[in-house]
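Reviewing the structure listed below.
The values are calculated or read from the model by the stated rules, or taken from the named source; none is laboratory data. Everything quoted here is computed from the prediction, not taken from an experiment. Cβ sites come from the backbone with ideal geometry, for glycine too, and all protein chains shown count toward neighbours. Please note that ligands, DNA and RNA were not included when accessible areas were found on the heavy atoms of the full protein model with its side chains. Shrake-Rupley method; radii C 1.70, N 1.55, O 1.52, S 1.80 Å.
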Amino acid sequence: MLRILHRLRSLAHVIDMHQLTKVPERLESSSPEDGGLGMTRAELTRYLDYCTEMLSLVGKSAALFAEDTTDGDVLDAVEGIETLTSDMARKVWQKIAIIQQES
């Protein structure tokens, strides 16, 4: 069970890695060749929203493992994943807020 939880934690980090370069400041340049994203504000907002949804699903999937166990190690791992995904999603939502303020 801990092995599966480790994979979920890894998945959260992969999701986080893919959104790290998607910053509002890069919207100013129009193309990836210029250092831009090649996305509109709406597309970037949607992409980031999908990232938060995927992080939420990872956290909820981990929580399902705690449903039928009293194993302290499993419960600690699940709590850690839930905290990790919530913190990551919060940072993504900060980007979305910046995009919405600039519109």
query = Under unit Cβ charges (Lys, Arg +1; Asp, Glu -1), what dipole magnitude, rounded to 20 debye, does the chain have relative to its Cα centre?
reply = 200 debye
message = As I understand it, the value is the acute angle between the Cα axis of helix 2-20 and the longest principal axis of the Cα atoms of the chain; what does it come to in degrees, rounded to 10?
response = 10 degrees
key: Extension gain from T40 to H13, taking 0.36 nm per residue of separation minus the Cα-Cα distance   = 7.2 nm
request  = May I ask you to list the aspartates and glutamates whose Cα is less than 18 Å away from that of K22, ignoring any residue fewer than eight positions away on the same chain?
outcome  = E33, D34, E43, D49, E53, D87, E102
ask   = Can you pull the percent of Cα pairs in the chain with separation above 16 Å?
value = 58 percent
task = In debye, nearest 20, what is the charge dipole magnitude of the range 52-91 about its Cα centre with +1 on Lys and Arg Cβ and -1 on Asp and Glu Cβ, if you could check?
result = 320 debye
inquiry  = Just to verify a number: what accessible area does L84 come out at with the full protein assembly present, 1.4 Å probe, Å² rounded to tens?
reply    = 40 Å²
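With every protein chain kept in the model, how would you rank T69, T85 by accessible area, 1.4 Å probe, largest at the top?
T69, T85
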query = Using Cα atoms only, what is the angle between the long axis of helix 41-66 and the major principal axis of the chain, expressed in degrees (0 to 90) to the nearest 10?
reply = 0 degrees
message = If DNA, RNA and ligands are ignored and the probe is 1.4 Å, what is the ranking of T70, T52, T21 by accessible area, most exposed first?
response = T70, T21, T52
